1. Considering only the range 296-310, how many residues are within 8 Å of the ligand (Cβ to nearest atom) and either of a type in the set (S, T, N, Q) or more than 14 Å from the chain's Cα centre (by Cα) (or both)?
2. What is the one condition in (1) of a type outside the set (S, T, N, Q); (2) buried (at least 23 other Cβ atoms within 10 Å of the Cβ); (3) within 16 Å of the ligand (Cβ to nearest atom) that ARG195 does not satisfy?
3. Tell me, which helices (runs of 4 or more DSSP H) lie completely within the range 296-415 with 2 or more residues that are at pLDDT 95 or above?
4. Kindly indicate the residue of the range 263-278 that is in contact with a helix residue (DSSP H, G or I) (Cβ under 6 Å, 6 or more places away or on another chain) and under 16 Å from LYS360 (Cα atoms) and also nearest to the ligand (Cβ to nearest atom) among those meeting that condition.
5. Would you tally the residues in the range 202-229 being within 26 Å of LYS300 (Cβ to Cβ) and more than 16 Å from the ligand (Cβ to nearest atom)?
6. Among the residues of the range 352-366, write down those that are surrounded by fewer than 20 Cβ atoms within 10 Å (Cβ to Cβ) and either in contact (Cβ under 8 Å) with a residue 40 or more places away in the chain or hydroxyl-bearing (Ser, Thr, Tyr) (or both).
7. Could you list, in sequence order, the residues of the range 61-83 that are assigned to a loop (DSSP other than H, G, I, E, B) and in contact with a Lys or Arg (Cβ under 6 Å, 6 or more places away or on another chain)?
8. Just the residues that are over 15 Å from GLY154 (Cα atoms), surrounded by fewer than 17 Cβ atoms within 10 Å (Cβ to Cβ) and of a type in the set (Val, Ile, Thr), please, taken from the range 292-338.
Amino acid sequence: MAPALHDKAAAAVLPEEISIDSCGIEPDLEGADAIGKLRGEREIVLGRNLHDQCFSITEPEHDDEETGEKDVYMAGVLARYRKTLVERTKYHLGYPYNLDFDYGALSQLQHFSINNLGDPFIESNYGVHSRQFEVGVLDWFARLWELEKNEYWGYITNCGTEGNLHGLLVGREVFPDGILYASKDSHYSVFKAGRMYRMEVVKVDTLLSGEIDCADFQRRLLENQDKPAIVNVNIGTTVKGAVDDLDGVIRTLEDCGFSQDRFYIHCDGALFGLMMPFVKRAPKVSFKKPIGSVSVSGHKFVGCPMPCGIQITRIEHINTLSRNVEYLASRDATIMGSRNGHAPLFLWYTLNRKGYRGFKKEVEKCLANAHYLAGCLRESGFGAMLNELSSTVVFERPQDEAFVRKWQLACQGKIAHAVVMPSVTVDKLKVFLKELIESRSRLFPDGKIVAPCVADELGAKNCACVKHSSCS
Ligand SMILES: Cc1ncc(COP(=O)(O)O)c(C=O)c1O
């Protein structure tokens with residue numbers, strides 16, 4: 001019998017395609033491992049198993065209400081949990097989450113079960129909703145991406161993944177026989193959408209920077225000229241923070257004979273969708289170009305305490321997808337049923353407070369701090385890369401796993417990254433650098449530091465190994 005995942009989680013190594021993350025099924029580790037090795041695939045270290053540390057739910061004692069013991073126990077658990085959250089928030093660099101916010105003004109609304117089920121623009125029978133706020137937020141994003149009020153449709157999603165699932169679903173509804181093209185550095189949710197919708201998927205190569213390789217894209221399009229193209233364009237890739245050349249993608253489609261009625265572009269702006277409009281020289285994401293949809297995560301750069309996202313598409317596309325639902329007295333064109341009605345309040349609050357000007361300032365600060373970090377890493381002898389339009393600093397994976405866990409670094413193969421968000425200050429980066437250097441020194445007590453070669457991942461000029469550092 002296949003061993004359950006939690007028996008081995010700490011040391012489990014799985015080939016990427018059959019990890020529990022991608023299919024939700026507990027795999028046969030030995031079998032999976034063997035397949036991975038046969039294919040020569042990279043091994044993945046999974047996080048530790050938490051099952052034996054969970055806070056179990058116990059049946060109340062008959063006299064709990066009189067003794068108050070259960071309340072005391074639960075208050076203690078929550079207080080300790082809060083302390084952990086404070087601590088873990090202090091040492092976080094690996095994921096693109098802005099952890100700096102104050103939503104105290106909204107605490108009064110926590111007592112309500114706010115649900116925006118159905119269409120954001122059509123009130124349902126359930127009256128405890130926040131559609132007035134949701135539509136205000138959607139208008140703000142439609143303006144940012146240059147689509148008129150009467151030309152767009154959108155909704156507040158549960159996350160960037162849902163935005164991708166929706167955008168690509170719209171693409172497939174527009175072109176039921178379309179092929180999905182996505183660079184191999186696209187987020188796994190894009191390939192998940194391909195599997196869910198049983199679409200033919202073509203993976204396109206990337207440049208060293210992580211951007212889509214338009215030459216390879218052209219080759220792939222020419223092989224499939226008979227079918228429409230549904231293209232995922234990354235406005236910030238997950239690992240390297242690379243921004244695909246939207247104009248280059250459109251040009252390539254046109255050069256290959258794909259007229260605008262034969263392609264659909266979804267822009268995955270989960271990461272930088274809100275940053276790019278404020279970066280000079282960045283490819284402009286705009287519905288004035290022939291794109292079909294854009295999505296962004298609300299809990300990343302914006303900074304929301306719960307996962308959420310924004311999805312905007314052209315109104316003409318949504319009509320094919322939308323259905324009347326009598327039970328709701330509304331229409332349904334979203335992926336989910338019930339929708340978090342608190343998320344729009346948080347988004348509305350923060351967009352109102354910061355405005356376009358506030359976000360621009362934050363973007364500039366993040367880019368400057370990312371440059372500072374990349375510079376310090378290189379000066380300290382670490383291989384490091386920073387894409388020009390990005391605040392994701394990619395560097396050689398620290399060899400000390402405890403350090404990786406402490407700073408919650410996201411790693412892939414030989415590289416790790418730190419995503420500089422508004423909550424990442426220069427002081428925090430200084431502490432990180434000091435601890436990184438100390439942890440490396442412990443591995444080389446004789447002081448002779450050997451940097452790993454990351455030339456294949458980051459390019460020879462960004463590599464600090466003996467061979468490449470002497471060439472640069
Ligand atoms: C490029 C990209 N797209 C989509 C997602 C998914 O976003 P979410 O975590 O909000 O579902 C991510 C997450 O990091 C991402 O980096």
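The values are calculated or read from the model by the stated rules, or taken from the named source; none is laboratory data. The structure displayed is predicted, hence computed values, not measured ones. Neighbour counts run over all protein chains shown; Cβ positions are idealised from the backbone, glycine included.
1. Looking only at that region, the number is 1.
2. So the condition that ARG195 fails would be (2).
3. On the way: elements: 315-321, 343-379, 401-406.
So the answer is 343-379, 401-406.
4. Pass one, the range 263-278, residues in contact with a helix residue (DSSP H, G or I) (Cβ under 6 Å, 6 or more places away or on another chain): 263-264, 266, 268, 270, 275, 277-278.
Then keep just the ones that are under 16 Å from LYS360 (Cα atoms); that gives 275, 277-278.
On the way: MET275: 12, PRO277: 17, PHE278: 18 Å.
By that ranking, first place goes to MET275.
5. Result for the range 202-229: 3.
6. Of everything in the range 352-366, those that are surrounded by fewer than 20 Cβ atoms within 10 Å (Cβ to Cβ) and either in contact (Cβ under 8 Å) with a residue 40 or more places away in the chain or hydroxyl-bearing (Ser, Thr, Tyr) (or both) turn out to be TYR356, LYS360, GLU364, LYS365.
7. none
8. Within the range 292-338, just VAL325 meets the criteria.
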